[in-house]
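Okay, so here's the structure we're looking at.
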């Protein structure tokens, strides 16, 4: 008799980008050089600079459980906040700043970032945005491409749950994730195309390099991609989440999506043939409306209430959630987000309660960034 297939569990890790703000004025503060030096005394190389001097990034350890990930993200957020305080700074987990302008910021001095600014000019300087990147361990390069192909239709639901960037220069943009609109201006951002395999992927990346669009594969910024540094598939579609609990739930959903896609590939299930244009439009809709309207159903391409599409994602990956012991936790937290709203809705509530003054809410956003129990 053939041995029964027992799908192995997957590891995960999360990178979070944060804004550095002046603790007194709540303005963005271009102080990443000094903050990273201070934070590394406690956090080591888990904290790094980002493209802009008003940003800092943390990277979790490789985690096997959501409890491990939760505790690590809390420690990282609190560690950076503790390092910021003596410098007169704070960090905020929002994907666009409620009122500061990109025009008052500057690109970091690292060689890589300077090359990006030299090539992309104002496009690079306008990237004053913060995302959340979820890595899931997939050591097989061909399986990684299968995961990409089979995950594309579910990206809008992940974005809608995490959307946390309604303001730009003090104006409510009408988008739940305006970060997505800023980010997708890059020539290699957005939903990836479908690939026939790893050789096809490598050939298309080489085309981009040969035409001068990118220097190398690390400059491919699709919403989901194989990591060039780690044996992982990296999901880059999400805004940074205001609450740690939301980030953990999104990461667990993402890991279960990878697990599900891997099992579909093993069985030889058909891959959805939705057009690239339709997928891009579905992500745009998630960025515009978040959870407040309709999203595109990942399976039949019809518009349905956002809550139904998100629940469809949970149902689709339920076996993957069970395999990692995450089903009840994710159901509870996703239910909470659907009832109370995503980060964009929470920001709007805070601004409304402050007399429609975005400047008045940054202190509360800072406080919620490091709270480990933030249910409204």
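The values are calculated or read from the model by the stated rules, or taken from the named source; none is laboratory data. Keep in mind the model is a prediction, meaning the values are calculated, not measured. All Cβ positions, glycine included, derive from the backbone under ideal geometry; neighbour counts span all protein chains shown.
Some values worked out for this structure:
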item	result
Selection within segment 25-38 - in contact with a helix residue (DSSP H, G or I) (Cβ under 6 Å, 6 or more places away or on another chain) and either part of a loop (DSSP other than H, G, I, E, B) or within 30 Å of residue 330 (Cβ to Cβ) (or both)	26
Options 190, 170; residue that is surrounded by fewer than 22 Cβ atoms within 10 Å (Cβ to Cβ), touching a helix residue (DSSP H, G or I) at 6+ places or on another chain (Cβ under 7 Å), more than 27 Å from residue 143 (Cα to Cα) and touching a residue at least 60 places away in the same chain (Cβ under 8 Å)	170
Selection count where residues are without any contact (Cβ under 8 Å) to a residue 12 or more places away in the chain and within 19 Å of the chain's Cα centre (by Cα), scope segment 203-224	1
Residues within segment 109-135 that are part of a helix (DSSP H, G or I) and in contact (Cβ under 8 Å) with a residue 12 or more places away in the chain, tallied	7
Residue satisfying all of: in segment 294-329; part of a loop (DSSP other than H, G, I, E, B) and out of contact with any strand residue (DSSP E or B) (no Cβ under 8 Å at 6 or more places or on another chain); surrounded by the most Cβ atoms within 10 Å (Cβ to Cβ) among these	317
Residue 100 in a loop (DSSP other than H, G, I, E, B), in contact with a strand residue (DSSP E or B) (Cβ under 6 Å, 6 or more places away or on another chain) and within 30 Å of residue 357 (Cα to Cα)	yes
Test: residue in segment 72-87 that is touching a strand residue (DSSP E or B) at 6+ places or on another chain (Cβ under 7 Å), in contact (Cβ under 8 Å) with a residue 12 or more places away in the chain and surrounded by fewer than 17 Cβ atoms within 10 Å (Cβ to Cβ)	no
Top-ranked residue in segment 44-71 [being part of a helix (DSSP H, G or I) and out of contact with any strand residue (DSSP E or B) (no Cβ under 7 Å at 6 or more places or on another chain); ranked as nearest to residue 245 (Cα to Cα)]	70
Cβ pairs under 9 Å, 6+ apart, first in segment 139-166 and at positive phi and modelled with pLDDT under 95, second assigned to a helix (DSSP H, G or I) and crowded, with 24+ Cβ neighbours inside 10 Å	none
Segment 225-238 - residue that is over 10 Å from the mean Cα position of the chain (by Cα) and assigned to a strand (DSSP E or B) and, of those, surrounded by the most Cβ atoms within 10 Å (Cβ to Cβ)	233
Exclusive hit being under 18 Å from residue 284 (Cα atoms) and over 17 Å from the mean Cα position of the chain (by Cα), set 200, 176, 172	172
Every residue from segment 207-221 that is surrounded by 13 or more Cβ atoms within 10 Å (Cβ to Cβ) and either assigned to a loop (DSSP other than H, G, I, E, B) or at pLDDT 95 or above (or both)	213, 214, 215, 220
